1. Enter the angle in degrees (range 0 to 90, nearest 10) between the Cα long axis of helix 360-379 and the first principal axis of the Cα atoms of the chain, meaning the one along which they spread out most.
2. Once a ≥ b ≥ c are taken as the square roots of the eigenvalues of the Cα gyration tensor of region 326-444, is the result rounded (a/c under 1.5), prolate (a/b larger than b/c) or oblate (a/b not larger than b/c)?
3. Would you mind checking the tilt of helix 449-463 against the longest principal axis of the Cα atoms of the chain, expressed as 0 to 90 degrees and rounded to 10?
4. Hey, what did region 291-365 get for relative contact order, percent, Cα under 8 Å, at least 6 apart?
5. Ratio to report: Rg/Rh of the chain, with Cα atoms as the point set and Rh obtained by the Kirkwood method; give two decimals.
6. Nearest 20 debye, what's the magnitude of the dipole of region 238-287 about its Cα centre given +1 on Lys and Arg Cβ and -1 on Asp and Glu Cβ?
7. Once each part is reduced to its C-alpha centroid, what is the distance from region 146-163 to region 369-396 in angstrom?
8. According to a simple spin-label model (label point 7 Å from Cα along Cα-to-Cβ), what is the distance in nm between residue 327 and residue 358?
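The values are calculated or read from the model by the stated rules, or taken from the named source; none is laboratory data. Because the structure is a prediction, the values reported are computed rather than measured. Don't worry about glycine lacking a Cβ; one is built from the backbone with ideal geometry, like all the others, and counts go over all protein chains shown. Just so you know, the surface numbers come from the protein's heavy atoms only, side chains and all, with ligands and any DNA or RNA stripped out. Shrake-Rupley method; radii C 1.70, N 1.55, O 1.52, S 1.80 Å.
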Amino acid sequence: MENADPSRVEAWVDDYLDRVGSLPADSVAGAFDPPYPQERADPHDAFAETFIADAPLSGSLVDLDLAVKENIAVGGVTTTCGTDCFEWTPDIDAIAVERLRAAGGSIVGTTDMDPFAFGTTGELSARGRTLNPAVEGHVPGGSSSGSAAAVASGEVDAALGTDTAGSVRIPASFCGVVGYKPTYGMVPTEGVVPLSPSNDHVGVLAGDVTTAARVLEAVAGREATRPDSLTAPDRLAFVDDLDRTPPELRLGVPAEFMAAATDEVEAEVESAVTTCAIELDAEVRSVTFPEAGAAVDANDAATVMEFGALLERGGLLGAGQRADLRAALRRANERRDSLPGRVRDLIETGRALLERASDAYGRTWDARRLAIRRQQALFAEVDVLATPTTAIPAPEFGAVPGRGGVSVLDTVENTAPFNATGAPAVSVPCGEVEGRPVGLQLVGPPGADGFLLRAAASIECVLH
């Protein structure tokens, strides 16, 4: 085999650098003017910045006060992603934010979060922890902690969050609100600071399923500049059919997800499923999802590897970011020593995995494909999967990880598999354990968001 010619390679590199260096820069004006600051009461430390964002005086969301997680760009508003090493002031709104404003929604602030969305408790932000409005002394869940707290406290009607391993559904469960993660790619991630592009979803937290569906309808759909969203429909309609209960609903209860839960959480979810079976004349089947544990591990490993590479390069191969965001990520990489130890260690772990095990990332995709095939087989038997959203109710501050035997895995065990598979999933409140909310997670086939929302609305009505 002929060896590479160093002089030829060097010449080609120089040529590529010349051509890449002369490529035109992307340039687009924002659809709306930057917001103007406005102070706002924040009793649960839910907000990062508060403001008033101009929007039309008409539209489907004109009656709603909204917030967006701090890692979702609002043009002219500086985001730190819950850190003290990252700072980005985007010129324009994220696509999802632009769509909220176009629909008349009143965006009143950005919400706090665990650093770079690495976290499931809402305790690690550089601003300090967010409080849980539903239960004093217990975590609100994360990483979309501020979005959940702002909704649970009534400060806003709904808020956008991001969900990479459960970061919309976990805080929804812990705070007793609705959290919806759509099918992967259904809501464009353009303008969102990524954590793990193959697992990241933009989702909605709201006080009820109808409000979540209204917001999702406004933000979902194809974005022409993002090839990864081109398979999504141009625009989607969810709200008009919400009052139509799916006939002959078949609920599948995966044994592995129930077994993961504490006895008390399992009992609350079993009671909710039984009530649904009676009131909706639904069929309940026990099913198995033996690949779920591997899907959790694949999601976890892929996330640390993708973010480790992203932070180092300012972007991932195959997932381009805006120039100003790339620069902000590179600056944050130089200052990463200021991050909380656990977050910093996860970043370094991801880099080491890529360097020491060349096939590690590929193996995560092997596991994901197996889980997706199992999921397809299950949805040939049932319409919706029903599980506890989280295996535990909200733990006390400081309990994760470690004290009391509670681990991060306990918070993502039932949610992360559906980031790996890309299926839509929603958490609906279904009870309490010692005053702490319990969430019922409903999962539908990829692309069947409208059907899943109808099922969730019917179940919500029965349970409340």
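1. Compared with the principal axis, the helix lies near 30 degrees.
2. Working: a/c = 2.33, a/b = 1.25, b/c = 1.86.
Oblate.
3. 40
4. Values: 63 pairs, mean separation 32.1, N = 75.
Relative contact order for region 291-365 comes out at 43 percent.
5. On the way: Rg = 21.6 Å, Rh = 22.2 Å.
On the Cα set of the chain, Rg over Rh gives 0.97.
6. Values: 3 positive and 13 negative charges, 40 e Å.
The calculation lands at about 200 debye.
7. Taking the Cα centre of region 369-396 as reference, the centre of region 146-163 is 24 Å away.
8. 3.7
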